[in-house]
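The values are calculated or read from the model by the stated rules, or taken from the named source; none is laboratory data. In this text, all values refer to a predicted model and were calculated from it rather than measured experimentally. Ideal geometry is used to build each Cβ from the backbone, glycine not excepted, and the neighbour counts take in all protein chains shown.
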Amino acid sequence: MKIQLTVNGSRYEKDVEENRTLLRFLREDLGFTGTKEGCGAGECGACTVFFNGKTVNACMVLAVEADGGSVETIEGEVKDGKFSVIQEAFDRNHGLQCGFCTAGMILSVKELLHRNPKPTEDQIKDGLEGNFCRCTGYTQIIESVLDASGQLPKKGELHHA
Amino acid sequence: MLEKLKAEELRYVGKEARRSEARDKLTGSATYVSDMILPGMLWAQVKKSPHARAKIVKIDTSKAEALYGVRAVLTGAELNYRLGLYVVDKDILAKTEVRHYGEAVAAVAADTLAIAKKAVDLIEVEYEVLKPVLNHMDAMKAEAPLVHPDLGSYDFMKAAFTPQPGTNVANLTKLRKGDVEAGFAEAQWIVEREYTNPSVQHVPMETHVAIVEWKPSDDIVIHTSAQSPFTVRNLFCYTFKLPLNKVRVLIPHVGGGFGGKAGIHIEPLVACLSRKAGGRPVKFQATREEEFSLLPCRSALTYRIKTGVSAEGKILAQKMEMFWDAGAYADYAVNVTRASGYSAAGPYHIPAAWIDAYTVYTNKPYGTAYRGFGHVEFFWGLERHMELVAQAIGMDSLEFRRKNLLVPGNLTLTGEEIFESSGNPRKCLDAVAKSIGYGSLTTEEKAREKRTGRKIGKGVATLHKAPAMPPFTATAAIIKMNSDGTVNVNIGLTEIGQGSTIAFEQIVAERLKFRLDQVKVTIEKDTDRDPYDWQTVASKGLLLTGNACILAADDLLAHAYETSAQALHCQVVDLDHDDKRVFLKHHPNHGVTFTSLALGYAFPDGNAIGGPLIGVGRYVAQGLTNLDKETGQGNPALDWTFGAHGIVVEVDPATGEFHVLKISSAFDVGKVINPESVRGQCIGGMLQGLGTALCEGYIYDEAGHLLNPSFTDNKILTSRDLPDEIECIVVETPQLDGPFGARGVGEHPMISVAPALGNAIQHAVEAELTHMPIRAEDVWRGIRKHEPVDNWITKTPTGSCKSNVLL
Amino acid sequence: MLQSFRYMAPRTRPELLDLLAEYGSRAKLLAGGTDLLVTIRAGVHKPEVVIDLKKVEGFSGLSWSQTDGLVFRPTTTINEVLQDARVRKDYPLLAACAHDLASYQVRNRATVIGNVVNASPCSDMAPALLCLGATAVLSSKSGERRVLFQDFFIGVKRTILRPEEFLERIEIPAASAGVKGDYRKLKRIQGHDLGIVGVAVALKGGKLNIAVSSAAPTPVLVQGLDAGIAVEAAVEAVAKATSPISDVRCTKEYREFMIGTYVRRLLQEVRA
């Protein structure tokens, strides 16, 4: 089936099999490999993208559903060569380790800050529960979100005994 | 390699620095093997066994082969190769018998993933189902069926391991120190208990994936999401009897490993598919479900400890028996057994010790390395045991621990002497005890108890671990200067998220006296171009590769000085340098720039000297020995990283539900290289440890089917599962042979989280827990003194809701 | 990877009814896809045709009127329910159940109707709908049927829906506005998880409704208890109506205990 859609502001027209997920379509057909597959079953959030303005797990969306729609991926997060406020905050606060959950995580944060520009720590934990991270233990991610929303007066630190 | 530099003289070591590879990861431009599609690439799928133990009667691949687009179909019958890290016991595809649920029996490479999947579905396998042996304690019994009847004919690494042919024992590690019976005879109290935990999955966010191209020339290129490029190459060549220089292993960014990618797994199978398909590259990526049973897990453990204690509360003797569940293949499990064997008593002084540690074959997915290499599992038992012993002898458990901690002059279980510079377990334990206010509840906590009706408990647990590695473990680093004065550093150690890249950049910049932005450690690993490193495991990378980096920096500077001395007509001893130039100490204006030295120094007339500046650093572990196979005595430990956790937990005394209010963790890291990376390891490891403590574990039915091979019923912790408060504490007792005094801390934060929690719960509601994980129901049963429920091999598998099982 | 199927996206209700009449059980309806695509991937469902409901005119959003009450349509998502001011104010039990369903990005796609037609015993939305006296409106070419949710579920993953029928609307009576209620769900972790047991309690006027998930082949409703009923009598009524089992998530014994405990605690909370 032929579909037309917008990805990160650019228009695409492409033939796609009806059983192809949006995730495979983005990664394998369009080359947006920044979006990752962690489970393929809607549990882990590694494939989180914006679809028609809302975050979804791209592994649980059919590419054909995106016909006429718009998608935003991690590749659209740098604007005019500049990192977004969220990306800079993750960089400053070590909000990543292996990096495999990072794309999905950043898009979930973007959605969270869009609906709640000053989230509390609990609201951040709530907003990110659908994005698994096996490396960081989330704390430096949460600090990154607090930093991105101007709510981190002091960076997290190590104490010396 | 300890540099006695004052903290204020250090410019990068111990200072904040952003991760240099973060910006690629933050923009989606970091490439992982998952992302790669090569020209002409085929896609592979695997046919897996639905049975835990069965004879393969017949495999019919004709329908699959007839399918349009199928380029290669393989079964075990045509693959006469055997794999094995320490015991060579595994076929690439099962040949006559399947030994675990999910084992590979056939494989296909095709033009598309869809065709490969369809082809695999068309492969017909006829099995004669046999009764499996699932519980490793059952597998020890004389009448148990043998998982490997031919164990006696397998090759194995004789210096370290002792398989027992005719049994299911893949290895027996023994340790004997002092006179245990005399110790027990003298003891005032003897406490004996048993502790258990099930198998657990690593859950790297990127599942195992490899692309292999086996060209007709027998030159082989392997792109793989693995931790140890040289181990993949080495074991691959051993299996296929190929020269090492014919096989090139490439590792780009890796989406997490945690030990699950330490060895070699799917690469040989994918390679054989490529060879059969005429040399086209073939890609296989495990689904999340396959990650649970086609690929390995962490071993289950049964740990029996018998401790004799004096009237004053000193441990006199300890007898320890470990039964490690290898699953169907030995892989790393035999070495987990060995390393755990010699560490089994924790950071305590045990004058007389007796250990038998068995690795036991069963018909389950096999065990491999997992962050902590056995220590997460046995410390569950050990630190619960310390709590229960203290309770039995009527002593506070913190006091009991303090009384028995290792101090300088003590000998470890293997007879190795502990020095001041070995690290300070006491400081770690005291720090966490103080941080959580161990021993009493604050006014605020008491008020909270009253308000909520829930009980608050506080518990501590210690930990230690040394790298489990051969005594001669080696590595190297190469630093190459570019014509603009920047340098590239090549090492064989892989960045799997642990933050080693930025740490080595800080070390190299510090040692060269360069700016941090002048130094780049290459992310992508390439066995053709990078120098050897044993493996990216064991928390040994920082120490060994860090030292190699220092030596490489020194070597590069020595070459630079030598050329500069000629260029400046002076002696090397009179030279100094900064990040731009080499110059005379006493005439700083008289010097040469690194840009003019980088590719060889040219005099004004065009004559040149020196050549490109390259520094080489080689480092091999010092002072270690093999262990005596009968007594376990010797020097196995490169370094010990000591640590402790303290937990404050709130428990609902009616339901057993609980929540961690605070966790404090302390580690003697020797010297912090990158504070945020250390904190990232502390918290990340702690939460992974908390997952193991709370909910993770494989559940089988009595036929050996894995019932929870997905995130539906095998949960990992989310952001909502964090303790309310987290404190990370470091102690810095410099390691004499550590780079700037540093030692590794990658695995340690995961160790002993579970017993600290179990101890805290016991303090809150008196539940005596001996099985990990600790589910709300386990606490509920513990409070009510009900029989604990052991449903990890369950008699009641069917639920109204259950995971969808993909095979 | 998903097995192959044909994708259809009707634009109108009559087109949809025609497709349903033609394909019946060979078709699966796609709204949020968060259950359907998981089960297709797992090979549980192998539909020949997947019919997307999202392009059908008039199938989205939620509305409220004095006559129909609160109405959900085939593509009303869980997050739409959660973000609705009236739901938060007048139907707190609905919001409590919706919030416990999966993760944020799943709730952006998952629909209320999808959650109930899937008929999982651990459905999070079913307890609220049962307690609040919601009606399911089932449509096919031959007309409409209206049933209460206690008559909708007939077994594990089974409902009274006929192959050519679809659940077009859920109506929650206007009279259920302002019902006091709450939901408790036992999970293995604090993050998103399927319920081990879930208990919802609703108190309106003189009557008490209790609904339980993951405790029987279908979500269960115990309705019309006297509001002042003795706590232990309520616990017993619920125990009688449920039949929990042991499975990989929990034992029967603990499930029974926790259902009783949650009933006690919720009663205390809603009566306070």
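Are any residues in segment C:235-255 among the aliphatic types (A, V, I, L, M) and touching a helix residue (DSSP H, G or I) at 6+ places or on another chain (Cβ under 6 Å), and if so, which ones? Steps first, please.
The first filter runs over segment C:235-255 and keeps only residues among the aliphatic types (A, V, I, L, M), leaving C:235, C:237-239, C:241, C:245, C:248.
Across segment C:235-255, the qualifying residues are C:V235, C:V238, C:I245.
Would you pick out the residues in segment B:258-280 that are touching a Pro at 6+ places or on another chain (Cβ under 8 Å) and either away from every other protein chain (no Cβ under 14 Å) or on the phi > 0 side of the Ramachandran plot (or both)?
Filtering segment B:258-280 down to residues touching a Pro at 6+ places or on another chain (Cβ under 8 Å) leaves B:258, B:260-261, B:265, B:274, B:278-279.
Answer for segment B:258-280, where residues must be touching a Pro at 6+ places or on another chain (Cβ under 8 Å) and either away from every other protein chain (no Cβ under 14 Å) or on the phi > 0 side of the Ramachandran plot (or both): B:F258, B:H265, B:S274, B:G278, B:G279.
Could you tell me which residue of segment C:126-146 is surrounded by the fewest Cβ atoms within 10 Å (Cβ to Cβ), considering only residues that are more than 14 Å from C:I113 (Cα to Cα) and either within 14 Å of chain B (Cβ to nearest Cβ) or out of contact with any helix residue (DSSP H, G or I) (no Cβ under 7 Å at 6 or more places or on another chain) (or both)?
C:G143
Does B:I726 fit the bill of being out of contact with any Leu (no Cβ under 8 Å at 6 or more places or on another chain), β-branched (V, I, T) and not in a helix (DSSP H, G or I)?
Details: out of contact with any Leu (no Cβ under 8 Å at 6 or more places or on another chain): yes; β-branched (V, I, T): yes; not in a helix (DSSP H, G or I): yes.
Spelling it out, B:I726 is indeed out of contact with any Leu (no Cβ under 8 Å at 6 or more places or on another chain), β-branched (V, I, T) and not in a helix (DSSP H, G or I).
Counting just the residues of segment B:245-258 that are in contact with a strand residue (DSSP E or B) (Cβ under 9 Å, 6 or more places away or on another chain) and surrounded by fewer than 24 Cβ atoms within 10 Å (Cβ to Cβ), which one comes out farthest from B:V87 (Cα to Cα)?
My answer is B:P252.
Yes/no per residue for (1) of a type in the set (G, A, S); (2) in the same structural domain as A:D29 (by TED's automatic domain parsing); (3) in contact with a Ser or Thr (Cβ under 7 Å, 6 or more places away or on another chain):
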position	(1), (2), (3)
A:E65	no, yes, no
A:F90	no, no, yes
A:C98	no, no, no
A:T102	no, no, no
A:H114	no, no, no
A:C135	no, no, no
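From the list B:G69, B:G84, B:G76, B:G152, exactly one residue is at pLDDT below 95 and either more than 24 Å from B:G260 (Cα to Cα) or surrounded by fewer than 23 Cβ atoms within 10 Å (Cβ to Cβ) (or both). Which is it?
On the way: B:G69 fails: at pLDDT below 95; B:G76 fails: at pLDDT below 95; B:G152 fails: at pLDDT below 95.
Of the residues listed, the single one that is at pLDDT below 95 and either more than 24 Å from B:G260 (Cα to Cα) or surrounded by fewer than 23 Cβ atoms within 10 Å (Cβ to Cβ) (or both) is B:G84.
When only residues in segment A:1-24 that are β-branched (V, I, T), outside any loop (DSSP other than H, G, I, E, B) and within 14 Å of chain B (Cβ to nearest Cβ) count, which is surrounded by the most Cβ atoms within 10 Å (Cβ to Cβ)?
A:T21
Please give the number of the condition C:T34 fails out of (1) over 18 Å from C:L167 (Cα atoms); (2) within 14 Å of chain B (Cβ to nearest Cβ); (3) assigned to a loop (DSSP other than H, G, I, E, B); (4) touching a residue at least 12 places away in the same chain (Cβ under 8 Å).
(1)
B:S274 passes all but one of (1) outside any strand (DSSP E or B); (2) surrounded by fewer than 24 Cβ atoms within 10 Å (Cβ to Cβ); which number fails?
(2)
Which residues, counting only those in segment B:688-724, are hydrophobic (A, V, I, L, M, F, W, C), more than 30 Å from A:T120 (Cβ to Cβ) and touching a helix residue (DSSP H, G or I) at 6+ places or on another chain (Cβ under 8 Å)?
Within segment B:688-724, just B:L706 meets the criteria.
Inspect segment B:222-229 for any residue being more than 27 Å from the chain's Cα centre (by Cα) and not basic (K, R) and give the result as yes or no.
no
Select, from B:K364, B:K427, B:K403, the only residue that is modelled with pLDDT of 95 or more, assigned to a loop (DSSP other than H, G, I, E, B) and surrounded by 17 or more Cβ atoms within 10 Å (Cβ to Cβ). It would help to see each step written out before you state the result.
Numbers: B:K427 fails: assigned to a loop (DSSP other than H, G, I, E, B); B:K403 fails: assigned to a loop (DSSP other than H, G, I, E, B).
The unique qualifying residue is B:K364.
Residues that are crowded, with 19+ Cβ neighbours inside 10 Å and in contact with a Cys (Cβ under 9 Å, 6 or more places away or on another chain): which strands (runs of 3 or more DSSP E) entirely in segment B:507-602 hold 2 or more of them?
Working: elements: B:519-521, B:575-577, B:581-584, B:587-593.
Ranges flagged: none.
Checking the condition within 14 Å of chain C (Cβ to nearest Cβ), in contact (Cβ under 8 Å) with a residue 12 or more places away in the chain and over 23 Å from B:A52 (Cβ atoms), which residue from B:A109, B:A116 passes?
Step by step, each of B:A109, B:A116 is checked, and only B:A116 is within 14 Å of chain C (Cβ to nearest Cβ), in contact (Cβ under 8 Å) with a residue 12 or more places away in the chain and over 23 Å from B:A52 (Cβ atoms).
Does A:R27 satisfy the condition of being surrounded by fewer than 24 Cβ atoms within 10 Å (Cβ to Cβ), assigned to a helix (DSSP H, G or I) and either touching an Asp or Glu at 6+ places or on another chain (Cβ under 7 Å) or not assigned by TED's automatic domain parsing to the domain that holds A:L128 (or both)?
Judged against the criteria, A:R27 is a match.
Any residue in segment C:226-245 that is under 21 Å from the mean Cα position of the chain (by Cα), surrounded by 23 or more Cβ atoms within 10 Å (Cβ to Cβ) and within 14 Å of chain B (Cβ to nearest Cβ)?
yes
Can you tell me which residue among C:S4, C:S25, C:S65 is closer than 17 Å to A:T21 by Cα and surrounded by fewer than 21 Cβ atoms within 10 Å (Cβ to Cβ)?
It is C:S4.
Among all residue pairs at least 6 apart or on different chains, which show Cβ distances below 8 Å where the first residue, located in segment A:66-80, is within 13 Å of chain B (Cβ to nearest Cβ) and in a loop (DSSP other than H, G, I, E, B) and the second is of a type in the set (K, R) and crowded, with 18+ Cβ neighbours inside 10 Å?
Between residues of segment A:66-80 that are within 13 Å of chain B (Cβ to nearest Cβ) and in a loop (DSSP other than H, G, I, E, B) and residues that are of a type in the set (K, R) and crowded, with 18+ Cβ neighbours inside 10 Å, the close pairs are A:E77/A:K110.
Checking C:L16 against (1) within 13 Å of chain A (Cβ to nearest Cβ); (2) in contact with a Pro (Cβ under 7 Å, 6 or more places away or on another chain); (3) surrounded by 21 or more Cβ atoms within 10 Å (Cβ to Cβ), which test does it fail?
(1)
Please count how many residues of segment C:35-52 are surrounded by 20 or more Cβ atoms within 10 Å (Cβ to Cβ), out of contact with any strand residue (DSSP E or B) (no Cβ under 6 Å at 6 or more places or on another chain) and hydrophobic (A, V, I, L, M, F, W, C).
Count: 3.
Looking at segment C:157-188, which of its residues are buried (at least 16 other Cβ atoms within 10 Å of the Cβ) and within 14 Å of chain B (Cβ to nearest Cβ)?
C:K157, C:R184, C:K185, C:L186, C:K187, C:R188
In segment A:30-47, what residues are on the phi > 0 side of the Ramachandran plot, more than 7 Å from chain B (Cβ to nearest Cβ) and crowded, with 24+ Cβ neighbours inside 10 Å?
A:G42, A:G45
For B:A477, all conditions in the list (1) under 19 Å from B:S752 (Cα atoms); (2) touching a Cys at 6+ places or on another chain (Cβ under 8 Å); (3) not aromatic (F, W, Y) hold save one; what is the number of the exception?
That leaves (1) as the condition not met.
Tell me which strands (runs of 3 or more DSSP E) are completely within segment B:18-93 and hold 2 or more residues being out of contact with any helix residue (DSSP H, G or I) (no Cβ under 7 Å at 6 or more places or on another chain) and away from every other protein chain (no Cβ under 14 Å), or say none if there are none.
Result: B:54-60, B:70-75.
Could you name every one of the strands (runs of 3 or more DSSP E) located completely within segment B:186-271 that has at least 3 residues being closer than 30 Å to A:A41 by Cβ?
On the way: elements: B:189-197, B:209-214, B:220-224, B:247-251.
Passing ranges, in order: B:209-214, B:220-224.
Going by what's in this entry, would B:G680 be described as among the small types (G, A, S), over 24 Å from B:N759 (Cβ atoms) and facing chain A (nearest Cβ under 8 Å)?
It is true that B:G680 is among the small types (G, A, S), over 24 Å from B:N759 (Cβ atoms) and facing chain A (nearest Cβ under 8 Å).
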